[in-house]
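Have a look at the structure below, then the notes.
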Amino acid sequence: MAGLLELIAEAERQLTICNACRYCEGYCAVFPAAERRSAFALGDVVQLANLCHDCRACHQACMFAPPHEFGVDIPGLMRQVRLAGYRRYAWPGALAALFGRPRLTAALVGLAGMLLALLAVVWSHGPGALARSHTGPGAFYQLIGYELLLAGFLALTALVVLVLGVGGRRLWRDVGGDRASLDPGAWAATLADVLLLRYLGGGGGGCYHPDPLHPSRARRVLHQLLFGGFALAFAATLAAAVEQDLLGWLPPYPLLSVPVLLGTAGGAAMVIGAGGLLWLGRRASTTDAPRSRTLDGAFLWLSEAVGVSGLALLALRTTPLIGPLLILHLGTVVGVFVTAPYGKLVHGLHRTLALLQDRAEARREP
Amino acid sequence: MAGRAAVRPDVLVVGGGNAALCAALAARDAGGRVLLLEKTAPEWRGGNSKYTRNVRVASPEYPEDEFLRDLIEVTGPDLDRQLARFTIGRSRELPAWMEAHGARWQGALRGTLQLSRTNRFFLGGGKALLNAYYRHAERAGVEVRYRTEVLALEIENGVFRRARVRAPEGEAEIEAGAVVVASGGFEGNREWLRRTHGEAADNYLVRGSGANDGRLLGQLLELGARRRGNPHGFHAVACDARAPRAEGGIVTRVDAIPFGIVVNREGRRFADEGADLWPKRYASWGGLIARQPGQLAFSVFDRQVMGRFIPPLYPPYRAERLEDLAGQMGIDAVALIETVEGFNRAVDSDAPYDPGRLDGRGTRGVDPPKSNWALALEQPPFFAYPLRPGITFTYLAVGVDERARVLGEDGHPFANVFAAGEVMAGNVLLNGYLGGFGMTIGSVFGRIAGEEAAVCGRAA
Ligand SMILES: Cc1cc2nc3c(=O)[nH]c(=O)nc-3n(C[C@H](O)[C@H](O)[C@H](O)COP(=O)(O)OP(=O)(O)OC[C@H]3O[C@@H](n4cnc5c(N)ncnc54)[C@H](O)[C@@H]3O)c2cc1C
Ligand code: HEM
Ligand code: SF4
Ligand code: SF4
């Protein structure tokens, strides 16, 4: 893969062509943002790259796309810049190397997570706890001590938030974000952009993935299922915490309780969303940089594992499988958490910040 | 193809640009079996049409009379007025028809707000529009063959019988009930341009499709079609001389001219850079540069105006001193400096500079004068763009009637030969250009040609 500096030079060349052309102005935020600039420094290119949703509408519309000698391919270039950006903003910098082996990283971290969960079980109640079935209030805690579980996850969350925060802050600086960019109007607009995944719409017809000739809305729908799945699962955890710590009800919760309903919906959405995206990816006949495909793939498989193990845990929680399943689920969740700053998930942060900066920029425009 | 036992199509459409697709879709809607032949590979389909961005249409906000007046203003009074009025009238229906066949719109692009009342802009430009048309055609059952060039039409006693084509599998003959010729002008044909413009033609850039060689235009004229439009004329604008010889599209045009001076290879100015020629301004520069030695010129300006125009795709030459700039331009430094100094002395600095309007800030005592926006070139760095004429399209055309039938010299139509687009635009556009009117002509006559050809092709 080309280095970031080469990518910037190439972006400058291509975006100058776009600025002289402007035909794609109506598709997304990238082209209006490019037109606000007459030069393209690193921060500008990173900003535009994270605005690009890779819908590829501009690419099918571009009369200067290869084999034309101008060789314009905005989504392809932006995909590479984003990838280089994930590394650049990763903190601590040495861990950026993990982006080079996404599948291995996901697998190892997932396994490490499971090992950790296993150790926690053994530490709490001895190895025998794994073979028994556990029912009644507090069943999960007959496997892992509650305090240990809570402390573990809080520590992990704090760490991940810190690591993501440092990286996000660096990106924010580079793309020109400042205090003034944080105005409430820009936030509101950004929220809508994220929830609607506005710029994956291809200007109305859908995005040109997996089929480069016929637009489809599948990718946007599936992404939002996955995204929503994570959000619901997170909400389920919060709800469980409320029920347990504020109301004093111990898990497992009945099927018709808030945490279980949220968790089930979330798990199902995750499984369908991640599975669907994997399926679209297999059908794609595109020239995606293989690196970015494996990055997506690693994360999607991990998400799939989180969703499936969560649902299985729910279905089989009264059987002796509860132990192994809990370990599997906790392990993969730890995997998602820990790889967040060093895997696909970091794009959510980068993109949200870029959208925010874009909205702020547009609002400042005369 | 050769050997493939396809059903005989009712309508054969020659070409793969806007006019051809409109004809194919309309013929299909009218129930015809349609075969469309595009000379290029799929990646290059769409001729000049893929480089367009908008179409001009009459509407309640843009009355037909005003449209016609605008047209006559640019093209002169010799056009077929009745046919022009007819074209403009039919343009009203275009937006709805285009939408029904997949077109999507966007607001007027930045820097083109003056067109927002008169023109509709395609979301993503002409290639996106064409992609949508091709998708619709495919779904509707139009057969499209790429890399298939029509070499000749066989016409007996005014009746089209078959076309001789060259495809990757070899040459073959294709019979059809009717034919729509929508194969564009001859701007991509160097030989032809050399015949009409001599050696100079080698230095022209072709902004659009290099595949438009005018083969069928020439053949129809030989077969006795009525000749319309100016055989020598083409529309040309000032383009960056470093642009590719063909297919440079919209991004190679240079908009800097009114902001500085223009000199030729000898370092001399040769025309009024501040003349009020809008909307013909850029078009006139194509012709002016074509008459300079080597068909080369340079737009020269200084720091004061940098950033006031849309930069073209290549960076300008740039130097702190004029003599170094001349070095990069490859022209005589003494001549350039002399020209700039003479110009600077002549600038009438009493009137205030205002690029937003005709500011009347001109020159005194220099020939040719610059009648507006004259600023002395005195603040380094200095910049220059090399310019060549870039041909947009040619004007020569076959005569047609309101049913898009190709007319013979005697004014009698061929029975089943129709034409649409650039190949017949010269009936209503003889000179100059009205932004968006090329797509108007192609869409209006493409539709009509398709409908008419379906009727007569099915009967045949
Ligand atoms: C840079 C540029 C920008 C422009 N912008 C605008 C604009 O914004 N609005 C506007 O209205 N007009 C614009 N024009 C003018 C416009 O492009 C033309 O008026 C219009 O596209 C003509 O359409 P057409 O279908 O007749 O020809 P084309 O689109 O040129 O199509 C001709 C087709 O015929 C094929 N062909 C040629 N010979 C053969 C053969 N022998 N056998 C088979 N196929 C053949 C070619 O490959 C091509 O696909 C622009 C032109 C250029 C160059
Ligand atoms: C929990 C949060 C999120 C998850 C789990 C998630 C997951 C994913 C995955 C797996 C892909 C690859 C899909 C493919 O195979 O095509 C992807 C792509 C994408 N995501 Fe997200 N995402 C999240 C948040 C966001 C946010 C906040 C945005 C902001 C707009 C966003 C925008 C996109 C876009 C535009 C793509 C397509 C381009 C690309 O691959 O980068 N995502 N996401
Ligand atoms: S992607 Fe191509 S068509 Fe779109 S603005 Fe850029 S150069 Fe123009
Ligand atoms: S979001 Fe879509 S239209 Fe916009 S730059 Fe990216 S691929 Fe092109």
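Some observations on this one:
- Filter result for A:Arg82 (modelled with pLDDT of 95 or more, in a helix (DSSP H, G or I) and more than 14 Å from chain B (Cβ to nearest Cβ)): yes
- So A:Ile17, is it farther than 20 Å from A:Gly206 by Cα and within 14 Å of chain B (Cβ to nearest Cβ): yes
- Set A:Ser124, A:Ser133: member being touching a Pro at 6+ places or on another chain (Cβ under 7 Å), away from chain B (no Cβ under 14 Å) and farther than 18 Å from A:Gln357 by Cα: A:Ser133
- Tally of residues being outside any helix (DSSP H, G or I) and in contact with a helix residue (DSSP H, G or I) (Cβ under 9 Å, 6 or more places away or on another chain) across the stretch B:402-460: 23
- Scanning the stretch B:123-180 for residues that are part of a helix (DSSP H, G or I) and surrounded by fewer than 20 Cβ atoms within 10 Å (Cβ to Cβ), we see that the one that is farthest from the other protein chains (Cβ to nearest Cβ) is B:Ala140.
- Residue match in the stretch B:228-250 (condition: of a type outside the set (Asp, Glu), more than 18 Å from the chain's Cα centre (by Cα), within 14 Å of another protein chain (Cβ to nearest Cβ) and more than 9 Å from ligand 1 (Cβ to nearest atom)): yes
- Residues that are in a helix (DSSP H, G or I), without any contact (Cβ under 8 Å) to a residue 24 or more places away in the chain, at negative phi and more than 16 Å from ligand 3 (Cβ to nearest atom) do not occur anywhere in the stretch A:199-213.
- Considering the stretch A:213-247, the residues that are within 14 Å of chain B (Cβ to nearest Cβ) and surrounded by fewer than 17 Cβ atoms within 10 Å (Cβ to Cβ) include one that is nearest to A:Gly138 (Cα to Cα), namely A:Ser216.
- Of all residues in the stretch A:12-25, those satisfying the criterion of being farther than 13 Å from B:Pro312 by Cβ and within 15 Å of ligand 1 (Cβ to nearest atom) are A:Tyr23, A:Cys24, A:Glu25.
- Identity of the residue in the stretch A:312-366, closer than 30 Å to A:Met78 by Cβ and of a type in the set (Gly, Ala, Ser), that ends up nearest to the chain's Cα centre (by Cα): A:Gly348
- Checking each residue in the stretch A:20-64 for being outside any helix (DSSP H, G or I) and closer than 14 Å to A:Met78 by Cβ picks out A:Cys24, A:Tyr27, A:Cys28, A:Ala29, A:Phe40, A:Cys52, A:His53, A:Asp54, A:Cys55, A:Arg56, A:Cys62.
- Cross-chain or 6+ apart pairs with Cβ under 8 Å, the stretch B:160-184 first and assigned by TED's automatic domain parsing to the domain that holds B:Val423, then of a type in the set (Val, Ile, Thr) and part of a loop (DSSP other than H, G, I, E, B): B:Val165/B:Thr148; B:Arg166/B:Thr148; B:Ala167/B:Thr148
- Scan of the stretch B:73-88 for residues that are part of a helix (DSSP H, G or I) and not hydrophobic (A, V, I, L, M, F, W, C), ordered by number: B:Glu73, B:Thr75, B:Arg81, B:Gln82, B:Arg85, B:Thr87
- Among residues of the stretch A:220-238, those that are touching a helix residue (DSSP H, G or I) at 6+ places or on another chain (Cβ under 6 Å) and either without any contact (Cβ under 8 Å) to a residue 40 or more places away in the chain or within 23 Å of A:Cys55 (Cα to Cα) (or both), counted: 9
- When the stretch B:262-273 is filtered for residues that are surrounded by fewer than 24 Cβ atoms within 10 Å (Cβ to Cβ) and under 18 Å from B:Pro355 (Cβ atoms), only B:Asp272 remains.
- Within the stretch A:20-32, being more than 7 Å from chain B (Cβ to nearest Cβ) and out of contact with any Leu (no Cβ under 6 Å at 6 or more places or on another chain) holds for A:Cys28, A:Phe31, A:Pro32.
This table checks each residue for (1) away from ligand 2 (no atom under 14 Å from the Cβ); (2) without any contact (Cβ under 8 Å) to a residue 60 or more places away in the chain.
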| site | (1), (2) |
| --- | --- |
| A:Val72 | yes, yes |
| A:Val81 | no, no |
| A:Arg87 | yes, yes |
| A:Ala90 | yes, no |
| A:Thr105 | yes, no |
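- Members of the stretch B:106-122 found to be surrounded by 20 or more Cβ atoms within 10 Å (Cβ to Cβ) and not in a loop (DSSP other than H, G, I, E, B), listed by number: B:Gln106, B:Asn119, B:Arg120, B:Phe121, B:Phe122
- Filter result (more than 8 Å from ligand 2 (Cβ to nearest atom) and either aliphatic (A, V, I, L, M) or touching a strand residue (DSSP E or B) at 6+ places or on another chain (Cβ under 8 Å) (or both)) within the stretch A:209-221: A:Pro210, A:Leu213, A:Pro215, A:Ser216, A:Arg217, A:Ala218, A:Arg220, A:Val221
- Selected residue [more than 20 Å from the chain's Cα centre (by Cα) and over 25 Å from A:Tyr27 (Cα atoms)] from A:Ala180, A:Ala158, A:Ala188: A:Ala180
- Exclusive hit being buried (at least 22 other Cβ atoms within 10 Å of the Cβ), away from every other protein chain (no Cβ under 14 Å), touching a residue at least 12 places away in the same chain (Cβ under 8 Å) and among the aliphatic types (A, V, I, L, M), set A:Leu95, A:Leu7: A:Leu7
- Set B:Val406, B:Val423: member being more than 24 Å from B:Leu130 (Cα to Cα), of a type in the set (A, V, I, L, M, F, W, C), modelled with pLDDT of 95 or more and within 16 Å of ligand 1 (Cβ to nearest atom): B:Val406
- Single unsatisfied condition, A:Val109 versus (1) under 23 Å from A:Gly335 (Cβ atoms); (2) not assigned by TED's automatic domain parsing to the domain that holds A:Val333: (2)
- Residues within the stretch A:295-341 that are more than 18 Å from A:Ala112 (Cα to Cα), β-branched (Val, Ile, Thr) and part of a helix (DSSP H, G or I), tallied: 2
- Selection over the stretch A:87-101 of residues that are assigned to a loop (DSSP other than H, G, I, E, B) and aromatic (Phe, Trp, Tyr) gives a count of 2.
- Qualifying residue in the stretch B:206-219 (condition: touching a Leu at 6+ places or on another chain (Cβ under 6 Å), in a loop (DSSP other than H, G, I, E, B) and at positive phi): no
- The listed residue being under 20 Å from B:Pro312 (Cα atoms), at the interface with chain B (Cβ under 10 Å from one of its Cβ atoms) and among the hydrophobic types (A, V, I, L, M, F, W, C), out of A:Phe70, A:Phe40: A:Phe70
The values are calculated or read from the model by the stated rules, or taken from the named source; none is laboratory data. Remember, predicted model here, so these are calculated numbers, not experimental data. Reconstructed Cβ throughout: ideal geometry from the backbone, glycine too, with neighbour counts over all protein chains shown.
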